[in-house]
Amino acid sequence: MHKEFLMGNAAISRGAVAAGLNVISGYPGTPSTEVLETTAKINNGSIYVEWSVNEKAALELGAGAAYCGARSMVTMKQVGLNVASDPLMSLAYIGVKGGMVIMVADDPGPISSQTEQDTRHFAAFSKLPCFDPSSVQEAYDMIQEAFEYSEEYHTPVLFRPTTRVCHGYASIDVKDESEYIKNIPEGFVKDSSKWVIFPRLSYNAHLNIEKRNSELSDIFSEYKRNMIIPPSDTSCHKGIASHGISFTYVQEAFTDKDAPKILKISTPFPFPEKLAVEFLNGLDEVLCIEELDPVIERELTYVCGKYHLSTKIIGKLTGNVKNAGENTCDSVADNIAEFMEWDKKINSDIPTTPELPVRPPVLCAGCPHRASFYAVKQAMKGKKSVFCGDIGCYTLGNAMPLDMVDTCLCMGAGVNITQGIGKIEPDTSCFAFVGDSTFFASAITGVVNAVYNQADMTLIVLDNSTTAMTGHQPHPGTGRTMMGQIVDKVNIEAVLRGIGLKTVETVNPLELDKAIDTVKRISAEKGVKSIIFKSPCAVLIKSQKPFVIDSNKCINCKKCINSLGCPGIIISDSNVRIDESLCTGCGLCSQVCPVNAIGGEQNE
Amino acid sequence: MNKNILLCGVGGQGIVLTSKLTASCAMKKGMQIMSAETIGMAQKGGSVFSFLRIGKNIYCPMFGKKQADIIIAFEPAEAVRMLPYLREGGTIIVNTRPIMPVTAALKASSYNGTEMLDYLKKYTDNIITVDGDKVCRELGSPKVLNMIMLSEAIKSGILPFTIDDAVEAMKHNVKQQFIELNEKALRHNF
């Protein structure tokens, strides 16, 4: 055992490796990404590491490995589990041989997600045990225990940290390599009565699952990470129930005050009912401090009904805790102050601040997506058109002044949303924008659907040859794997032609005139046709020399700023200037300037 | 002797590395540390913060308002944004150079930082202003702002370690070719 300063996600990875991990697969998504990345980094070659094409593929791969007795982990963010839910629901009935942990990171806020969905519900829905760590140290320890439970009960288990645990850092105790478990998979043993799902098997499995979960509820009542902290003031008949990072905010709130009885829930499913009854015993009122949904609050309310307890349970359902967004030390302290009837803190006397500059996320200076969006915008000027976006950096194309994302729903959805809009508005030019990683993850079937069903639309593939948004993970179009192999790329143009598109053209969006002409020409064709705007992510390539604005030529019309919104172009002392520290020399602005005032080296 | 430290600024200023160095200095002294920072989409050009807590009986990586012993602000407006976290009697170290957001360029706003600095001076007791640009120029590189800010923070005496500790930590966290320059920046006012 020794101390290390680790990010929560790194701790989860290290814990899994210490537990004898054989296979890890996943699809990148904030806040889950670093678990798999850390594993790839520390891998001595004995672990198979894969960024899969999407979460469904990742989960199926993990299941296959676990069928063989391997210890496998699958990583994703909460919305990724929606994609993987089909294999998840069935796998719950089939079970596994080796330990299998499905790590799903939830994102209260949400800070970087479409939804505030709560994976604890998915645990109850799929009937799978769920672990909910509250700190970096606990995440490290708990992931190892999750593998043990999984293997003992032959079931995949969910491990659900939230953003502040995933991305928090702490100095924690970690095992030395000599203490690691070594798991040698037995291999696949054929048994069609076990591995082939049929209604009869499912009926029996369902009976067994319910029986097991009832047992697990009792076992989890004894699990050391579910606990009751006795009150420091024994005359107090109030209690607080919490979980995850919120539990630590509760602890913080009582550092210098007498604490009531506290219940910490680390396995929201199966809920440790016996422990809950013991906790509720003698309490008049319980405040539930939770993030996302009121899962514990509902369980405690249910337990009160079942055991005829008169304890009043309050929280989100009663309007005492806000229903959306993440908790903070301050918000929890306020909830607790109200509940404990403490004197109100005097409101912060910070005087009104001057107007603060807003810093929304924007496409980077030199980002090729800016050029692609601008080219389509120019080509379609004055024509009735709809631009359906998708998930990735390019969602930021919605910001002013580009304003080129009319819809965004979930991974890969843009293609068929475009098809649907086109069916109702046949006089509109419909465009779907999809990034290369999203294309492979979940847009290909959408394109097949659109082509076969005679849609009229232009598919714009924004190919920057990486998964940029989540930190540049490889995908089938990049030609490298997480095992360090250089492999044949899957060619997007060939995929589209294989599906049956007659027109597919690949253009560099930074050649603006050519890009605009291509859009004009191709969008006028009937059927599904595609333009692949191919130019590497600006973060991954070496910058060219920064461009400069010739102040003698510049007429201060600000067209560059107002049409492109590049962070590299700024106003300083009322003049338009290029910030050399940001400019990558992509040259897009020089092609937009009406008086040729922006140039590269020739202006020096 | 617990310390709550808050670093803030704009993505790309090297805040995350500064946070790492501070943490590894504290680790070396055998102290317990927790930290949390902005990650992902917000990083590029967005407001970035890093909470660091050193000491005993700390439960979570982020702390509440009015609890920071020191705020190390790499940008004036970001200093104002995070000011509610400064405890009474706490110290704020602020780099005076403002960074324009893209929105300012679009709106042609004239944000120049002066208003922010005036506000900070008016409402804080212990403020240390740093002309980071000037020091960077003297040292010959715009990339050492984070070392300059860390250096100032250590000089304030609030962080529980010495400049030698910071230099040692830096050597383990930056590429070989940048060590000399970073060391010069860390030691520039010692």
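The values are calculated or read from the model by the stated rules, or taken from the named source; none is laboratory data. As the structure is a computational prediction, the values presented were derived from the model and not from experiment. FYI the Cβ positions are ideal-geometry reconstructions off the backbone, even for glycines, and counts take in every protein chain you see. SASA here: full protein model, heavy atoms, side chains in, ligands and nucleic acids out. Shrake-Rupley method; radii C 1.70, N 1.55, O 1.52, S 1.80 Å.
Evaluate the relative contact order of region A:227-267 (contact order divided by residue number), counting alpha-carbon pairs under 8 angstrom at least 6 apart; express in whole percent.
Relative contact order comes out at 64 percent.
Residues A:ASP406, A:ASP118, sorted by accessible area with the largest first, give A:ASP406, A:ASP118 [1.4 Å probe; ligands and nucleic acids excluded]. Spatial offset of region A:571-588 relative to region B:150-190 amounts to 32 Å, using the alpha carbon center of each. For B:THR91, the residues 5 or more places off, or on other chains, whose built amide H falls under 5 Å of its own are B:ILE70, B:ILE71.
Note on chain B: semi-axes of the ellipsoid equivalent to its C-alpha gyration tensor, largest first and rounded to whole Å, are 24, 21, 16. Spin-label pair A:ARG497-A:SER310: with each label point 7 Å from Cα along the Cα-Cβ axis, the two points sit 8.0 nm from one another. The trypsin sites (Lys or Arg not before Pro) of region B:114-190 that meet both conditions, a loop assignment by DSSP and at most 10 other Cβ atoms within 10 Å of the site Cβ, are B:LYS175. Summing charges over all other residues whose Cβ lies under 15 Å from the Cβ of A:SER572, with Lys and Arg as +1 and Asp and Glu as -1, gives 0. Rounding to the nearest 10 and keeping the result within 0 to 90°, find how far the Cα-based axis of helix A:512-523 lies from the longest principal axis of chain A. Taking Cα atoms only, the helix is inclined about 80 degrees. Taking the helices alone, chain B has a mean residue ellipticity at 222 nm of -11000 deg cm²/dmol, built from -39,500 (n - 2.57) per DSSP H run of at least 4 residues and averaged over all its residues.
In this structure the amide hydrogen of A:GLY435, modeled in the peptide plane, comes within under 5 Å of the amide hydrogens of A:LEU462, none closer than 5 places in sequence on its chain. Annotation: lysines with alpha-carbon distance below 22 angstrom to A:LYS274 (same-chain offsets under eight excluded): A:LYS127, A:LYS211, A:LYS224, A:LYS238, A:LYS261, A:LYS264, A:LYS306, A:LYS312. Figure note: A:HIS475, A:HIS206 ranked by solvent-accessible area, largest first, 1.4 Å probe, ligands and nucleic acids not counted: A:HIS206, A:HIS475. With the convex hull of its Cα atoms as the shape, region A:227-340 has an orientation-averaged projected area of 6.3 nm².
Using alpha-carbon pairs under 8 Å, 6+ residues apart, how would you state the relative contact order of chain A in percent?
On the way: 1251 pairs, mean separation 66.1, N = 604.
For chain A, the relative contact order is 11 percent.
Note the angle between two axes, namely the Cα long axis of helix A:413-424 and the longest principal axis of the Cα atoms of chain A, as a number of degrees from 0 to 90, rounded to the nearest 10. Once rounded, the angle reads 60 degrees. Couplings 3J(HN,Hα) for region A:184-193, derived from phi with the Karplus relation 6.51 cos²θ - 1.76 cosθ + 1.60 (θ = phi - 60°), are 9, x, 6, x, 7, 10, 5, 6, 5, 6 Hz, where x marks Gly and Pro. In chain A, helices alone account for a calculated mean residue ellipticity at 222 nm of -10500 deg cm²/dmol, with every DSSP H run of four or more residues adding -39,500 (n - 2.57).
How many angstrom lie between the Cα centre of region A:90-166 and the Cα centre of region A:465-537? If we compute the Cα centre of each part, the gap is 35 Å. Under a straight-distance cross-link criterion of Cα-Cα below 29 Å, which lysines are reachable from A:LYS381, leaving out those fewer than 8 residues away in the same chain? Answer for A:LYS381, where 29 Å is the Cα cut-off: A:LYS423, A:LYS502, A:LYS514, A:LYS520, A:LYS526, A:LYS529, A:LYS534, A:LYS553, A:LYS558, A:LYS559, B:LYS107, listed by chain and number.
Along its first, second and third principal axes, ordered by size, region A:548-603 spans 23, 22, 20 Å in Cα coordinates.
Per-residue extension of 0.36 nm, minus the Cα-Cα distance of A:GLU505 and A:ASP218, leaves a gain of 97.2 nm for this segment. Residues whose amide H falls under 5 Å from that of A:THR503, counting only those 5 or more places apart or on a different chain, are A:SER530, with hydrogens built in the peptide plane.
Taking the C-alpha atoms only, the angle from helix A:136-152 to the longest principal axis of chain A is near 70 degrees.
Rolled with a 1.4 Å probe across the full set of protein chains, the surface gives A:TRP342 an accessible area near 70 Å². In this simple spin-label approximation, B:LYS134 and A:ASN562 carry label points 7 Å from Cα along the Cα→Cβ vector, and these lie 3.9 nm apart.
Net charge of the neighbourhood of A:ALA66, taken over other residues with C-beta under 15 Å away and scored Lys/Arg +1, Asp/Glu -1, is -4. Accessible area ranking (1.4 Å probe, heavy atoms, ligands and nucleic acids excluded), largest first, for A:HIS369, A:HIS308: A:HIS308, A:HIS369. Counted residue by residue at 0.36 nm each, then reduced by the alpha carbon distance between them, the extension gain from A:ALA337 to A:ARG480 reaches 46.1 nm. The distance separating the Cα centre of region A:184-262 from that of region A:337-410 comes to 38 Å. A cut-off under 14 angstrom between Cβ atoms defines the neighbours of B:SER24, and their net charge, with Lys, Arg +1 and Asp, Glu -1, is +1. Taking every residue in B:22-35 and counting other chain Cβ atoms within 10 Å of its Cβ, the average works out to 3.
Cα-Cα pairs above 39 Å in the protein assembly as shown: how many percent?
Values: 136861 of 314821 pairs.
That fraction is 43 percent.
For the pair A:ILE424 and A:ASP176 in one chain, pulling the backbone fully straight at 0.36 nm per residue adds 83.0 nm over the alpha carbon distance.
Could you pull out the longest piece of chain A with no exposed loop trypsin sites (Lys or Arg not before Pro) in it, calling a site exposed if DSSP puts it outside H, G, I, E, B and it has at most 13 other Cβ atoms within 10 Å? Here the longest run is A:1-181.
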